[in-house]
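For reference, the structure discussed in these notes is given below.
The values are calculated or read from the model by the stated rules, or taken from the named source; none is laboratory data. Remember, it's a predicted structure, so these values are computed and weren't measured experimentally. Cβ: placed from backbone, ideal geometry, glycine included. Neighbour counts: every protein chain shown.
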């Protein structure tokens with residue numbers, strides 16, 4: 001049991017975030033989650049905020065709560081994200097702005113505020129979820145891949161800026177996961193993506209928690225600035 005350890009996870013109303021929230025609450029963490037919709041997770045050590053990750057004021061309110069309630073933050077997992085598949089010539093500027101706002105700017109805000117707490121306690125683990133789309137250069141995913149590429153680049157630089165404070169920063173490149181994020185993607189498109197992997201299968205939720213467990217562990221204090229892709233990319 002990880003009693004008294006505090007973890008913040010974004011995008012927790014469903015999918016990966018919902019799974020990780022329940023998983024870490026079950027391991028005894030104090031779990032803080034947020035999303036734009038309600039969560040059905042009702043365990044005592046889970047605290048949910050209705051928050052748009054791009055709203056700086058609302059984001060800061062979450063960290064004020066963490067300081068007052070727990071006085072520390074051990075782990076941040078930036079899971080919140082959106083996807084869009086479209087040819088560049090058919091992509092409206094509003095889609096570009098929205099994707100970068102959620103996938104990059106939101107992640108940046110949480111990293112910045114988390115680092116303020118973690119730097120004072122001289123310990124922290126930050127994990128940003130990226131995508132194998134960064135490596136595969138998939139047609140129709142130019143903007144999404146670019147936003148996740150920004151996540152990877154930011155992760156590497158941030159790891160250097162925060163290293164002196166005992167904070168590690170890593171990212172995980174996900175293959176498709178069977179969540180609402182890919183429900184609207186044509187099956188042939190998903191199959192084409194999977195075919196490009198060494199291990200041609202979906203990422204399972206337990207694959208994600210297995211890796212996050214490793215990265216947040218005390219034994220992983222020497223691993224930082226890395227992007228670990230699933231599927232053998």
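Scanning the stretch 74-98 for residues being farther than 13 Å from residue 10 by Cβ and surrounded by 12 or more Cβ atoms within 10 Å (Cβ to Cβ) gives a total of 10. The C-beta contact set for the stretch 10-39 (first residue on the phi > 0 side of the Ramachandran plot and free of Cβ contacts under 8 Å to residues at least 24 places away in the same chain, second residue part of a helix (DSSP H, G or I) and buried (at least 19 other Cβ atoms within 10 Å of the Cβ), distance under 9 angstrom, 6+ apart or interchain) is empty. Regarding the stretch 123-130, can at least one residue be identified that is touching a residue at least 60 places away in the same chain (Cβ under 8 Å) and over 19 Å from residue 219 (Cα atoms)? Yes, the stretch 123-130 contains at least one residue that is touching a residue at least 60 places away in the same chain (Cβ under 8 Å) and over 19 Å from residue 219 (Cα atoms). The requirement of being in contact with a helix residue (DSSP H, G or I) (Cβ under 8 Å, 6 or more places away or on another chain), at pLDDT below 95, assigned to a helix (DSSP H, G or I) and under 30 Å from residue 91 (Cα atoms) is satisfied by residue 181.
Identify, by number, the condition in (1) assigned to a helix (DSSP H, G or I); (2) within 23 Å of residue 26 (Cβ to Cβ); (3) in contact (Cβ under 8 Å) with a residue 24 or more places away in the chain that residue 159 doesn't meet. Result: residue 159 fails condition (2) only. For the stretch 213-233, the criterion of being exposed (fewer than 13 other Cβ atoms within 10 Å of the Cβ) and touching a helix residue (DSSP H, G or I) at 6+ places or on another chain (Cβ under 8 Å) is met by none of the residues.
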